[in-house]
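One structure is given here, and the rest of the page talks about it.
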Amino acid sequence: MKKISLLALFLFLFSAISFAHGPVRGKMTAKVAIDAPAEEVWDVIKNFDDMSWHPGIKSTDGKGGNEKGATRVLTLPGGGTITEFLKKYDDKKMSYTYKITDMSIVKTIQHSGQDEDVPVLAVDNYQGKLTVKKKGSGSEVIWVATYYRGYMNNNPPVELNEETADKQVTAVLKEGLTSLLNKFEPAASPETITFEMKR
């Protein structure tokens, strides 16, 4: 009986720990093949201070051009903002890496007896990398996002959990890559965009 009780206690604790785990860094990779030379595709997206190719961005206020350390403030259609920092830029490799440093707050919720701010993107420590590669006579665009969920403690509220973070990041990447694809292939379907998630 004692052994059974100890086993039951162990299983209970294991399930509780599994359910209430802390945040795990996720890596989402989105790829799309475009029937256009890589140089032409890169020319559309290469300027860090110009996100006009992304329909989810209303305006971009950039400082520093494409130099390391440059910043940009993205204003969203709903009025929210995201501030980003350029970590690395390589024109020859047609790639740049950036990091979110600040976001506006959508609302404040009550969770576990405390106020929790919900930002426009339910993530923490977000870093992105945008790359264009030659693929035959065409190109492939690869957009990688690594991030934690927005709530860094155990038992996150739904507004700041992994599911919400993944859904929002997927939407950002898909909307941007679909717009870029259709600039060169107006009839192409967004279903050609592939997503891989690792956590």
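The values are calculated or read from the model by the stated rules, or taken from the named source; none is laboratory data. Here the structure is a predicted model, which is why all the values come from computation and not from measurement. A quick note on method: Cβ atoms are made from the backbone with ideal geometry, for glycine too, and the neighbour counts reach across all protein chains shown.
For N155, the criteria (1) in a strand (DSSP E or B); (2) on the phi > 0 side of the Ramachandran plot hold in every case but one, which is (1).
If only residues of segment 160-188 that are in a helix (DSSP H, G or I) and touching an Asp or Glu at 6+ places or on another chain (Cβ under 8 Å) are counted, the one that is nearest to V41 (Cα to Cα) is F184. Applying the criterion of being in contact (Cβ under 8 Å) with a residue 24 or more places away in the chain and among the polar types (S, T, N, Q) to the residues of segment 45-104, the residue that is farthest from A171 (Cα to Cα) is N66.
One line per residue, one yes/no per condition, for (1) over 20 Å from V73 (Cα atoms); (2) touching a helix residue (DSSP H, G or I) at 6+ places or on another chain (Cβ under 7 Å):
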| position | (1), (2) |
| --- | --- |
| V106 | no, no |
| I109 | yes, yes |
| A122 | no, yes |
| V132 | yes, yes |
| E140 | yes, no |
| N154 | yes, no |
| E159 | yes, no |
| E175 | no, no |
| N182 | yes, no |
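Return the residues of segment 21-61 that are touching a Leu at 6+ places or on another chain (Cβ under 9 Å) and small (G, A, S); say none if nothing qualifies. Answer for segment 21-61, where residues must be touching a Leu at 6+ places or on another chain (Cβ under 9 Å) and small (G, A, S): A30, A33, G56, S59.
When you look at K198, is it out of contact with any helix residue (DSSP H, G or I) (no Cβ under 8 Å at 6 or more places or on another chain), surrounded by fewer than 16 Cβ atoms within 10 Å (Cβ to Cβ), within 18 Å of I109 (Cβ to Cβ) and modelled with pLDDT of 95 or more, yes or no? Give the derivation first.
Numbers: out of contact with any helix residue (DSSP H, G or I) (no Cβ under 8 Å at 6 or more places or on another chain): yes; surrounded by fewer than 16 Cβ atoms within 10 Å (Cβ to Cβ): yes; within 18 Å of I109 (Cβ to Cβ): no; modelled with pLDDT of 95 or more: yes.
The answer is no for K198.
Each row is one residue, and each column tells you yes or no for (1) within 27 Å of F184 (Cβ to Cβ); (2) of a type in the set (K, R); (3) modelled with pLDDT under 95; (4) within 13 Å of the chain's Cα centre (by Cα).
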residue: S95; (1), (2), (3), (4): yes, no, no, no
residue: D102; (1), (2), (3), (4): no, no, no, no
residue: I105; (1), (2), (3), (4): no, no, no, no
residue: D115; (1), (2), (3), (4): no, no, no, no
residue: P119; (1), (2), (3), (4): no, no, no, no
residue: L130; (1), (2), (3), (4): yes, no, no, yes
residue: K134; (1), (2), (3), (4): yes, yes, no, no
residue: I142; (1), (2), (3), (4): yes, no, no, yes
residue: G150; (1), (2), (3), (4): no, no, no, yes
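Checked against (1) more than 25 Å from V32 (Cβ to Cβ); (2) surrounded by 13 or more Cβ atoms within 10 Å (Cβ to Cβ), G62 passes all but condition (1). Right, E191: over 28 Å from W42 (Cα atoms), in a helix (DSSP H, G or I) and more than 12 Å from the chain's Cα centre (by Cα) or not? It is false that E191 is over 28 Å from W42 (Cα atoms), in a helix (DSSP H, G or I) and more than 12 Å from the chain's Cα centre (by Cα). For segment 1-59, taking the residues that are among the β-branched types (V, I, T) and surrounded by fewer than 16 Cβ atoms within 10 Å (Cβ to Cβ), the one that is modelled with the highest pLDDT is identified as V24. If you check V32, V24 for being of a type in the set (A, V, I, L, M) and either in a loop (DSSP other than H, G, I, E, B) or on the phi > 0 side of the Ramachandran plot (or both), only one passes: V24.
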